[in-house]
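Structure first, then comments.
The values are calculated or read from the model by the stated rules, or taken from the named source; none is laboratory data. Because the structure is predicted, anything quoted here is derived from the model rather than measured. Cβ coordinates were reconstructed from backbone atoms using ideal geometry, including for glycine residues, and neighbour counts include every protein chain displayed.
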């Protein structure tokens with residue numbers, strides 16, 4: 001997939017971004033959350049009864065919970081009754097032209113080399129960019145269908161493949177899991193659904209770019225990926241370009257299921273609006289992501305590059321149930337300005353000889369606040385389980401903060417668990433050395449930061465890795481000096 | 001949640017204002033429970049079911065005249081000195097109910113040749129013991145302090161909740177050996193608070209040898225440039241023991257050093273917890289913190305929980321931590337057996353070597369005779385049971 005294709009795919013998403021707003025806008029649900037709103041959402045989507053019942057059960061459970069406070073992040077209280085749970089973004093609120101958009105945002109687009117028309121779409125300008133490239137999407141879809149791979153929106157999956165959705169929905173992240181997962185289960189808008197049949201290796205990286213309407217999934221996205229025995233799929237989420245969104249609170253749920261010998265690779269680049277320099281107006285990204293290696297020798301890899309959002313609160317996790325299954329987590333999280341990130345993973349070892357690797361790189365600059373929070377739990381039956389965790393922080397400037405909160409719980413004596421963490425800074429000696437070799441200060445910092453993150457970038461699909469490096473350079477511009 | 005009987009304990013009219021305030025704070029805070037992040041791994045629920053009564057603290061009498069710098073602690077002493085311990089629920093309970101305690105004060109420049117021994121015994125079953133110790137070392141003073149919490153007789157089901165506050169003036173030097181060697185039915189929830197002024201040195205050996213449910217909370221604050229803390233620890237969680245070491249190390253200013261090295265062994269149905277946090281405050285440039293926790297699991301029912309945390313708020317610092325959990329290395333055992341050493345002896349050798357990594361202070365403080373044998377006996381019983 002070349003960069004031209006990527007551009008094309010972005011344009012695709014641009015076309016469909018506001019494509020079906022007309023009828024939804026007429027049916028904006030009142031603000032607030034109650035059972036009637038959930039019934040309305042379900043009815044609008046023409047959902048079967050069992051799904052409505054499930055949503056209602058989730059809602060009733062949510063009512064019994066209180067918002068978690070343990071994360072190392074601070075934000076004003078969220079008024080859940082002020083949110084429209086079924087609403088299209090309001091056109092009137094959006095900037096009417098590029099002139100009204102925050103010039104800082106435009107500069108960033110410039111640096112990332114995003115085409116002009118696309119910049120407007122990303123910034124949320126109310127122009128309907130029309131590109132004629134539907135055929136590309138259909139071609140991809142036909143190719144996938146031939147292999148029996150299902151890749152569609154969640155609503156479509158509920159209509160077309162209800163038996164699969166019913167079997168797997170909530171089986172990895174039950175609605176009782178946590179506050180935000182319960183909320184999502186009650187009101188989820190849409191998302192992606194992937195099913196890869198037995199023994200099939202998905203021939204391309206699946207990305208939401210391919211999927212029509214992907215960008216209209218709203219603030220309560222729900223993704224479900226099932227890899228049947230012996231299959232492989234690589235899924236890309238997000239976009240390196242900073243995107244603006246009307247919704248401040250995002251509470252998505254992602255569930256992955258890997259059966260015997262299946263391998264799921266899930267990569268994320270997240271660059272949502274982090275707010276202005278004081279951190280006002282940025283996105284709250286409170287996500288529950290979890291994969292279950294249900295079969296023997298299954299493998300799930302999470303790779304994430306988190307540079308956006310005012311607050312990131314996410315722990316992509318692996319439940320290693322199948323014997324010999326493997327879980328991996330590679331993460332780069334950057335916080336600058338007033339950004340806060342509390343992110344990490346959970347590796348739950350249940351099966352025998354299960355293995356997990358955690359590599360977390362946190363970068364804090366300015367007043368950024370970065371926390372790694374991870375759990376490695378080895379249960380009684382996890383004979384011969386193995387975990388290695390490496391968790392490094394890079395600090396830039398006297399006002400930033402880096403925290404590490406690992407939890408290690410071992411109940412089996414044959415397990416071997418290692419955790420190491422370091423904290424360092426971009427040292428003057430390193431900078432001086434590189435500058436003496438003729439590099440500008442900016443290039444020198446980029447080189448050091450890229451070296452620091454290399455272990456994670458090499459896990460990303462090629463195009464993504466290149467973009468991620470660029471993104472990092474832009475994110476940290478002026479952080480040292 | 002506080003058992004109803006406890007709220008009746010002291011007669012309020014007999015309490016001083018300070019004790020009454022502490023008592024009210026305790027009533028408001030209540031007994032810690034597992035839903036609190038700080039108490040995630042340790043439950044005190046069983047205390048609520050026990051019919052406990054306050055008792056004298058079990059501090060063994062000192063040989064009179066031998067040590068002039070040590071005398072019984074009085075309530076006025078605490079009022080006159082700055083409070084060092086964080087006001088946790090259990091600290092407040094101790095502050096309200098303590099009956100006996102020791103005050104240790106060394107004049108500037110005073111060097112004690114002999115180690116100070118605070119030996120605590122347990123007098124009766126279902127006793128609630130709240131001893132309180134206050135230590136002040138003047139500028140450049142030096143001492144070795146041994147705090148020994150033990151129970152000589154039958155396995156009594158008492159609860160000991162000691163609080164120790166230690167203040168080191170500039171250049172002072174304290175070696176502190178703390179033994180938790182309670183009866184197999186006892187609960188121990190100790191709190192030690194230490195504050196270090198510039199260039200002072202504090203070395204701790206935190207030994208968790210006995211007891212049913214034991215937890216030691218250490219709050220250490222490096223408050224002056226050049227201060228150095230060395231924290232060594234070893235816990236042996238065998239049988240059904242629960243052993244929790246809870247460390248909070250704060251680098252309040254720059255050019256301070258902390259070295260934490262803990263070893264834990266869990267066997268039988270034992271459970272060991274190592275929960276340590278290093279905080280480096282804004283502006284504490286030049287702080288250097290290292291933390292190292294290694295744990296050995298010897299049986300299928302044993303459990304180790306480790307939570308080594310770093311909270312860094314400055315960029316010109318060095319901080320690292322490492323934690324491992326595993327069993328005795330098969331190849332090391334194999335190697336010893338090829339040298340003709342029988343399996344039990346080989347295991348014993350490896351367990352001893354593992355424990356010895358944390359026991360350096362026993363030699364350095366010149367207390368081999370008094371302590372080494374005790375630790376060895378416990379290690380031997382642990383290795384045999386296994």
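Given the conditions (1) touching a strand residue (DSSP E or B) at 6+ places or on another chain (Cβ under 7 Å); (2) at negative phi; (3) facing chain B (nearest Cβ under 10 Å), report the number of the one that residue A:397 does not fulfil.
(2)
Scan the stretch B:283-303 residue by residue and report those that are at the interface with chain A (Cβ under 7 Å from one of its Cβ atoms), in contact with a strand residue (DSSP E or B) (Cβ under 8 Å, 6 or more places away or on another chain) and either closer than 14 Å to residue B:260 by Cβ or surrounded by fewer than 23 Cβ atoms within 10 Å (Cβ to Cβ) (or both).
Those that are at the interface with chain A (Cβ under 7 Å from one of its Cβ atoms), in contact with a strand residue (DSSP E or B) (Cβ under 8 Å, 6 or more places away or on another chain) and either closer than 14 Å to residue B:260 by Cβ or surrounded by fewer than 23 Cβ atoms within 10 Å (Cβ to Cβ) (or both): B:298, B:299.
Yes or no: residue A:451 assigned to a loop (DSSP other than H, G, I, E, B) and either more than 9 Å from chain B (Cβ to nearest Cβ) or at pLDDT below 90 (or both)?
No; evaluated as a whole, the condition is false for this residue.
Can we say residue A:455 is under 25 Å from residue A:344 (Cα atoms) and either surrounded by fewer than 21 Cβ atoms within 10 Å (Cβ to Cβ) or in contact with a strand residue (DSSP E or B) (Cβ under 7 Å, 6 or more places away or on another chain) (or both)?
In short, yes.
Can we say residue B:372 is buried (at least 20 other Cβ atoms within 10 Å of the Cβ) and more than 10 Å from chain A (Cβ to nearest Cβ)?
no
Return the residues of the stretch A:374-394 that are out of contact with any strand residue (DSSP E or B) (no Cβ under 7 Å at 6 or more places or on another chain) and within 8 Å of chain B (Cβ to nearest Cβ); say none if nothing qualifies.
A:380
Go through the stretch A:53-88 residue by residue and tally those that are touching a residue at least 60 places away in the same chain (Cβ under 8 Å), part of a loop (DSSP other than H, G, I, E, B) and surrounded by fewer than 17 Cβ atoms within 10 Å (Cβ to Cβ).
Qualifying residue count for the region: 7.
If residue B:226 meets every condition in (1) surrounded by fewer than 22 Cβ atoms within 10 Å (Cβ to Cβ); (2) under 22 Å from residue A:424 (Cβ atoms); (3) touching a strand residue (DSSP E or B) at 6+ places or on another chain (Cβ under 9 Å) apart from one, which number is that one?
(2)
May I ask you to say which residue of B:314, B:276 is facing chain A (nearest Cβ under 7 Å) and buried (at least 21 other Cβ atoms within 10 Å of the Cβ)?
B:314
Across the stretch B:152-162, what is the total count of residues that are under 29 Å from residue B:368 (Cβ atoms) and in contact (Cβ under 8 Å) with a residue 40 or more places away in the chain?
Residues flagged as under 29 Å from residue B:368 (Cβ atoms) and in contact (Cβ under 8 Å) with a residue 40 or more places away in the chain within the stretch B:152-162 amount to 2.
Which of the numbered conditions does residue A:357 fail, given that it passes all the others? Conditions: (1) touching a residue at least 60 places away in the same chain (Cβ under 8 Å); (2) part of a strand (DSSP E or B); (3) more than 14 Å from chain B (Cβ to nearest Cβ).
(1)
Quick test for you: out of A:257, A:200, A:196, A:187, pick the one residue that is at pLDDT 85 or above and surrounded by fewer than 22 Cβ atoms within 10 Å (Cβ to Cβ).
A:200
Can you name every residue in the stretch A:417-439 that is closer than 17 Å to residue A:389 by Cα, surrounded by fewer than 18 Cβ atoms within 10 Å (Cβ to Cβ) and modelled with pLDDT of 90 or more?
Result: A:418, A:420.
Does the stretch B:84-96 include one or more residues that are out of contact with any strand residue (DSSP E or B) (no Cβ under 8 Å at 6 or more places or on another chain) and at positive phi?
Checked against the condition, which is being out of contact with any strand residue (DSSP E or B) (no Cβ under 8 Å at 6 or more places or on another chain) and at positive phi, the stretch B:84-96 yields no hits at all.
Hey, could you check the stretch A:400-411 for residues that are buried (at least 24 other Cβ atoms within 10 Å of the Cβ) and either free of Cβ contacts under 8 Å to residues at least 12 places away in the same chain or more than 23 Å from the chain's Cα centre (by Cα) (or both) and say which is farthest from the other protein chains (Cβ to nearest Cβ)?
Step by step, filter the stretch A:400-411, then rank; the result is A:400.
Only residues that are assigned to a strand (DSSP E or B) and on the phi > 0 side of the Ramachandran plot: list them for the stretch A:255-269, please.
Hits for the stretch A:255-269: nothing passes.
Just one of the numbered conditions (1) more than 10 Å from chain A (Cβ to nearest Cβ); (2) surrounded by fewer than 24 Cβ atoms within 10 Å (Cβ to Cβ); (3) under 30 Å from residue A:336 (Cβ atoms) is not true of residue B:258; which one?
Checking residue B:258 against (1) more than 10 Å from chain A (Cβ to nearest Cβ); (2) surrounded by fewer than 24 Cβ atoms within 10 Å (Cβ to Cβ); (3) under 30 Å from residue A:336 (Cβ atoms), the one that fails is (2).
Could you list all residues from the stretch B:319-352 that are more than 7 Å from chain A (Cβ to nearest Cβ), outside any helix (DSSP H, G or I) and under 23 Å from residue B:260 (Cβ atoms)?
Hits for the stretch B:319-352: nothing passes.
Take the stretch A:416-429 and flag every residue that is more than 7 Å from every other protein chain (Cβ to nearest Cβ) and touching a residue at least 12 places away in the same chain (Cβ under 8 Å).
If the condition is that a residue be more than 7 Å from every other protein chain (Cβ to nearest Cβ) and touching a residue at least 12 places away in the same chain (Cβ under 8 Å), then A:424, A:426 are the ones that fit.
With respect to residue A:320, is the statement that it is over 25 Å from residue A:70 (Cα atoms) and buried (at least 24 other Cβ atoms within 10 Å of the Cβ) true?
Against the criterion (over 25 Å from residue A:70 (Cα atoms) and buried (at least 24 other Cβ atoms within 10 Å of the Cβ)), residue A:320 qualifies.
Looking at (1) at pLDDT 90 or above; (2) surrounded by fewer than 22 Cβ atoms within 10 Å (Cβ to Cβ); (3) at negative phi; (4) not in a helix (DSSP H, G or I), which one does residue B:308 not meet, given that it meets all the others?
Of (1) at pLDDT 90 or above; (2) surrounded by fewer than 22 Cβ atoms within 10 Å (Cβ to Cβ); (3) at negative phi; (4) not in a helix (DSSP H, G or I), only one is false for residue B:308: (2).
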